[in-house]
Each structure stands twice: as structure tokens, then as C-alpha cells.
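The structure appears right after this line, and notes come after that.
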Amino acid sequence: MSRKNTKPFPNLQISDLEKHPIWEALVDDDADDPSVFPIDTLPVTDLTGRLVGTRVQLANGDRLWAMLFNLDLKDAQKRTNSFS
């Protein structure tokens, strides 16, 4: 499957997350690393198989970038597997 702006997950940069905060995984069993492509249409109703790049604030007040994977938007307690 080919998607515009697809890149290997390890190559994702903060500048990519600033432009596109949501990315979807493309799992290729022959590839060493999964690839991701940006989701252009926001808001979304499903984050299955997707990652969200956002800034978070730690308890000490530091702000940094984080990536949240495969979230269940209906059940915050539900455990999900990344890129499954």
C-alpha cells in the first residue's frame, strides 16, 4: 500500500508532528520497521493503529514532545497494542 508522505516510523521528527499530529501505521511484514503516513482530515473518530504527537507537561513543569499510540477514544482504561 502506498500513501502520500509515507516514512519509516523511526524517521518521524518533531517537525513532522507539528505539521501532522496524527499518523497511521502501515504494517509490512517484510520491512524492518513499520511505516507511517499523516492523517490530513481532522478531527478523527478513531485512533486504532494511529499515533498522536503532542506536547505534554511533566510533574516538574517541563514540557516535551510525546507520541501516544493506538488509543481507544471510548475507553481510557482499555489496553491496546501498538501497531497491531
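The values are calculated or read from the model by the stated rules, or taken from the named source; none is laboratory data. Predicted model, so just to flag it, every value in this text is computed and none were measured. In this analysis, Cβ positions are derived from the backbone assuming ideal geometry, glycine residues included, and neighbour counts consider all displayed protein chains.
Below is a table of values for the structure above.
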| quantity | calculated |
| --- | --- |
| Ala59 being over 9 Å from the mean Cα position of the chain (by Cα) and closer than 15 Å to Phe9 by Cα | no |
| Residue within the range 19-36 that is on the phi < 0 side of the Ramachandran plot, of a type in the set (Val, Ile, Thr) and at pLDDT 80 or above present | yes |
| Inter-residue pairs, beta-carbon under 6 Å, first polar (S, T, N, Q) and in the range 4-28, second surrounded by 17 or more Cβ atoms within 10 Å (Cβ to Cβ), 6+ apart | Asn5/Phe37; Asn5/Pro38; Thr6/Ser35; Thr6/Phe37 |
| Residue pairs meeting the criteria (Cβ under 6 Å; at least 6 apart or on separate chains; first modelled with pLDDT under 80, in the range 66-79; second assigned to a loop (DSSP other than H, G, I, E, B) and of a type in the set (D, E, K, R)) | Lys78/Asp72 |
| Verdict on Leu42 being under 17 Å from Thr6 (Cα atoms) and modelled with pLDDT of 90 or more | no |
